[in-house]
There are 2 protein chains.
Amino acid sequence: MEEKEISQAVISRLPRYFRYLGDLKDEGIERISSQELSDIMKVTASQIRQDFNNFGGFGQQGYGYNVVYLYEEIGKILGLDKEHNLIIIGAGHLGQALVNYMNFERRGFIFRGIFDSNPAICGMKIREIEVQPMEKMETFVKENNIDIAVLTIPKSGAVAVAEQLVSYGIKAIWNFAHVDLNVPKEIQVENVHLSDSLMKLSYNLASHDN
Amino acid sequence: MEEKEISQAVISRLPRYFRYLGDLKDEGIERISSQELSDIMKVTASQIRQDFNNFGGFGQQGYGYNVVYLYEEIGKILGLDKEHNLIIIGAGHLGQALVNYMNFERRGFIFRGIFDSNPAICGMKIREIEVQPMEKMETFVKENNIDIAVLTIPKSGAVAVAEQLVSYGIKAIWNFAHVDLNVPKEIQVENVHLSDSLMKLSYNLASHDN
């Protein structure tokens, strides 16, 4: 966008606002006050107003926010008004799950290519998309204006593949490999470390057990 | 464990320490100073010492931490010295991906049962575990000492299923459904909202694009 840097904590909360506003919109609710939003989202109204003030406040008047307007504005801030071209590297169970999850496409995240290092999998189709060998990746990324790469490969290969992808011009990596990638600062990385999440659950379970 | 409440921010960092220490252990490295750990993990040495001080400090002497000891102690704090019995609700692509991911089992998270509301899927086997109908869930949870339920079902059914699970005695929920669950405070919930993560990536991409 523009101007000042918004904190990652605020940004982490935006998708949740977007989700609740989408539900309200689907229910046909036209206006909502920060207090009502606070009640259903279980965050304070002042937190909500503070978060929204980072983006100009979305003009709440005495009678609340316009739900559709707020939904669309937050969508734009999240970059959901543009289409993104994705490739996925790793056509295992998790890769297949992601490609098959229709909600991403509905939000403008379109899987264009699937790559795997296992020759036995290449040629297989997932939702009409043929799994290609890794050697085809460079040309594909360059010819298809791919901006996001999804990594669902084991940690052993992930760091090297990420470096390759960056050299091909990828701008963002959604990383499911259980390793920290080593890419330049201007490349956006979002990690989903499933084991870390499960361990955190296990910690909270253990620490509340007695 | 015991005594004071540790902040969730510290807890979120523990699995990452555990991962790096596991790698160091596998490489045969016996000792490491907080400064060396800081260099490879790209966090400050003082952050590391502060985090570890929450758990008594793990006794770094002049010559650093004992890698195996530190790895095992953090593992215990994370509750990885105990076995957990899991069920998963939702045998779609994501559910299958999680059941097939061997690393969870290696850490003591054992999938005991799989449930799905789709009769066409029931009877199918994933890694020798037969998919059962939802009606079998209550008895199964009670008879098999299940402590963690994994939710990989659409958001429409997730809130109700979570409430059922709690009434059956489940203590923790690993929630992949794209909705906030409404369960008592003593039930541990860890959310993996994949769409939120992708939107955050999209935001960072959009905000660094110009």
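Throughout, read-outs are computed from the coordinates displayed, never taken from laboratory work. Computed from a prediction, not measured in an experiment: that's the story for all the values here. Please note: Cβ atoms are built from the backbone with ideal geometry, for glycine as well, and neighbour counts cover all protein chains shown.
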(Q) Using Cα springs under 10 Å in a Gaussian network model of chain A, which residue among A:A162, A:A97, A:A177 shows the largest mean-square fluctuation? (A) A:A97
(Q) Just to confirm the numbers: A:K155, label point 7 angstrom along the Cα-Cβ line, distances to the other copies in nm, shortest first? (A) 3.2
Q | Sequence-distant residues sharing a close amide H with A:I88 (under 5 Å, placed H) | A | A:G113, A:I114, A:F115, A:V150
Q: Compute the projected area of the convex hull of the Cα atoms of chain A, averaged over all viewing directions, and report it in nm² to one decimal place.
A: 15.0
Q.
If amide hydrogens are placed 1.01 Å from N in the peptide plane, which non-local residues have theirs closer than 5 Å to the one on B:V183?
A. none
Q: For B:H178, list long-range residues whose amide hydrogen, built 1.01 Å from N in the peptide plane, is under 5 Å from its own amide hydrogen.
A: B:K155
Q.
Test of understanding: in a Gaussian network model of chain B with alpha carbons linked when under 10 Å, which of B:E72, B:E83, B:E36 would top the mean-square fluctuation ranking?
A. B:E36
Q: Let me know the volume per residue of the alpha-carbon convex hull for the stretch A:84-196, in Å³.
A: 102
Q: Mind listing the label-point distances from A:E27 to the same position on all other copies, shortest first, one decimal in nm, points 7 Å along Cα→Cβ?
A: 5.2
Q: Please give the peptides A:108-115, B:38-45 ranked by average Cβ packing (other Cβ atoms within 10 Å per residue), highest first, as a rough proxy for protection.
A: A:108-115, B:38-45
Q: For the stretch B:8-77, would you read off the P(r) tail past 16 Å as a percentage of all alpha carbon pairs?
A: 39
Q) Inter-copy label distances at B:Y63, 7 Å along the Cα→beta-carbon direction, one decimal in nm, shortest first? A) 7.6
(Q) Using 24 Å as the Cα-Cα cut-off, could you pick out the over-long pairs in B:K155/B:K185; A:K76/B:K185; A:K200/B:K42? (A) A:K76/B:K185
Q.
Taking the rotation axis that maps chain B onto chain A, which residue of B brings its Cβ closest to that axis, and at what distance in whole Å?
A. B:A97, 2
Q) Residue by residue, what Karplus-based ³J(HN,Hα) values in Hz, rounded to whole numbers, does the stretch A:108-125 have, using 6.51, -1.76 and 1.60 with θ = phi - 60° and x for Gly and Pro? A) x, 9, 9, 6, 9, x, 10, 10, 8, 7, 8, x, 5, 8, 4, x, 5, 10
Q) Once you average over the residues of B:88-97, how many Cβ atoms of partner chains fall within 10 Å of each Cβ? A) 4
Q | C-alpha long axis of helix B:8-26 to longest principal axis of chain B, angle in ° | A | 70
Q. What are the principal axis extents of the Cα atoms in the protein assembly as shown, in Å, biggest first?
A. 58, 52, 47
Q: May I ask for the net charge around A:M41, where only other residues with Cβ less than 10 Å from the Cβ of A:M41 are counted and Lys, Arg are +1 while Asp, Glu are -1?
A: +1
